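K.L.:
Quick one: this structure, given as C-alpha cells, is what I'll be asking you about.
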Amino acid sequence: MKLAGKTALVTGAAGWIGAAIARRLADDGAQIVIADLRQDLAQAVADEIVAAGGRASAIATNVRSVASIAATVAAVLQAQQRIDLLVNVAGGSARERAAPVARQSEEVIREILEINLYGVIFCCRAVLGPMLAQGGGRIINITSTLATSPLAHHADYCAAKAGVLGFSRALATEVAPHGIYVNCVSPGLVPRPQTPTEGVADCNYLGRLAPPESVAHVVAFLASDETDFVVGQNYVVDGGWGLGLKGSR
C-alpha cells in the first residue's frame, strides 16, 4: 500500500492503458479519480476498482477544454482536499486516420495536438497551484516511443508526443525545487482490443505484445516514494522497439 492516503487524478482512465494504470494505483492504496470524456466507461472502471476493494470515482472531463479541466480539479479538491498525483494518459494517435503531412487534414492535426499536447499542458497547469500549496506532488505524463523514434504518416502525433516530453522536462526544472516530481513514461505500441495485432510483436525485440499492465507497473514505480531522486526523466516501455531495426542473423 505504497500510495495509501494519496489522491490520484488519472485522465483518460477509461481507455486500455489508463484503466490498467488506475487499477494498479488503486491496488497500491490510492484514491483514484478517473477523468475521461466517456463518463459511462469511466464509471465502469471505477465500479470495477471499488468491487475489488479499492477506492475510485469517475468524472466527465474533456482535456480539450480548459474550463472542463478546471472544473474537474475543483471537484477533486472539494471532495478530497488535495491532489497528490496527476497521471496524464488521455490522448490518441488517430491510427485509422494516419496520412502523409501533405494530405492530412487541418482538423486531424489540430485534434491530435489538442488532445495529446495541449491537454497535458493545461492539466498540469491546473494542478500546480494545489500541489505548490500542499508542499509537493507527482506528475507522470504518458508520451510515446514515437516522441523520439519517428514514424511516417504520424508526424502530427510524433510532434505532439515530442512536445509532451520537452514540456515535461522543462516543467520539472521549474517545480522540482518545490517538491513536485515530473516524469514521463513512453509506451511502445500497446494494441487495443479492437485493433488487429498481426505483425505487432515483430516491432520489438521481445517478440510478444505489450500488455497495458507493463506500462502501469512503471507508472506505479514513479508514483512511489522509491523514486524520490528521479526528476524530468523518460521511462521507455517498448520492448526495445525504439532501438531501431533488428539485426539479421
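K.L.:
Please determine, by comparing only the residues of the range 61-76 that are of a type in the set (A, V, I, L, M) and buried (at least 18 other Cβ atoms within 10 Å of the Cβ), which one is farthest from the chain's Cα centre (by Cα).
P.N.:
Looking at the filtered set, the residue picked out is V76.
K.L.:
Of all the residues that make up the range 63-80, how many are touching a residue at least 12 places away in the same chain (Cβ under 8 Å) and either of a type in the set (A, V, I, L, M) or over 17 Å from A160 (Cβ atoms) (or both)?
P.N.:
The total comes to 11.
K.L.:
Which residue pairs have Cβ atoms under 6 Å apart, sit 6 or more places apart or on different chains, and have a first residue in the range 117-140 that is more than 23 Å from K161 (Cα to Cα) and a second that is of a type in the set (K, R)?
P.N.:
As it stands, the answer is Q134/R82, since those pairs meet every condition given.
K.L.:
Determine, yes or no, whether G12 is crowded, with 18+ Cβ neighbours inside 10 Å, touching a helix residue (DSSP H, G or I) at 6+ places or on another chain (Cβ under 9 Å), on the phi > 0 side of the Ramachandran plot and not aliphatic (A, V, I, L, M).
P.N.:
Here the answer is yes, as G12 does meet what is asked.
K.L.:
So which residues in the range 80-114 are at positive phi and not small (G, A, S)?
P.N.:
Selection gives Q81 alone.
K.L.:
Looking at the range 199-227, which of its residues are in contact (Cβ under 8 Å) with a residue 40 or more places away in the chain and out of contact with any helix residue (DSSP H, G or I) (no Cβ under 6 Å at 6 or more places or on another chain)?
P.N.:
Y205, P211, H217, L222, A223, S224, D225, E226, T227
K.L.:
Here is a follow-up. Residues that are under 23 Å from I109 (Cα atoms) and either out of contact with any Asp or Glu (no Cβ under 6 Å at 6 or more places or on another chain) or part of a helix (DSSP H, G or I) (or both): does the range 169-183 have at least one?
P.N.:
Among the residues of the range 169-183, not one is under 23 Å from I109 (Cα atoms) and either out of contact with any Asp or Glu (no Cβ under 6 Å at 6 or more places or on another chain) or part of a helix (DSSP H, G or I) (or both), which makes the answer no.
K.L.:
Among the listed residues A210, A170, which satisfies the condition of being out of contact with any Lys or Arg (no Cβ under 9 Å at 6 or more places or on another chain), modelled with pLDDT under 80, within 19 Å of T148 (Cβ to Cβ) and of a type outside the set (S, T, N, Q)?
P.N.:
Sole residue among the options that is out of contact with any Lys or Arg (no Cβ under 9 Å at 6 or more places or on another chain), modelled with pLDDT under 80, within 19 Å of T148 (Cβ to Cβ) and of a type outside the set (S, T, N, Q): A210.
K.L.:
Among the residues of the range 83-113, write down those that are over 23 Å from the mean Cα position of the chain (by Cα), surrounded by 15 or more Cβ atoms within 10 Å (Cβ to Cβ) and of a type in the set (G, A, S).
P.N.:
Scanning the range 83-113 gives a single hit, A99.
K.L.:
Taking Q80 as the residue in question, decide whether it is surrounded by fewer than 18 Cβ atoms within 10 Å (Cβ to Cβ) and modelled with pLDDT under 95.
P.N.:
Spelling it out, it is not the case that Q80 is surrounded by fewer than 18 Cβ atoms within 10 Å (Cβ to Cβ) and modelled with pLDDT under 95.
K.L.:
Filter the range 32-49 for residues that are buried (at least 24 other Cβ atoms within 10 Å of the Cβ) and not in a helix (DSSP H, G or I) and give the result.
P.N.:
If the condition is that a residue be buried (at least 24 other Cβ atoms within 10 Å of the Cβ) and not in a helix (DSSP H, G or I), then I32, V33, I34, A35, D36 are the ones that fit.
K.L.:
Any residue that is farther than 20 Å from C184 by Cβ and in a loop (DSSP other than H, G, I, E, B) - is there at least one of those in the range 106-124?
P.N.:
No, the range 106-124 has no match at all.
K.L.:
Filter the range 115-141 for residues that are crowded, with 16+ Cβ neighbours inside 10 Å and either among the small types (G, A, S) or farther than 23 Å from I83 by Cα (or both) and give the result.
P.N.:
The answer is G119, A126, G137.
The values are calculated or read from the model by the stated rules, or taken from the named source; none is laboratory data. Everything numeric here is computed off the predicted structure, so don't read it as measured data. When we count neighbours, we look across all protein chains shown, and the Cβ atoms used for this are built from the backbone with ideal geometry, even at glycine.
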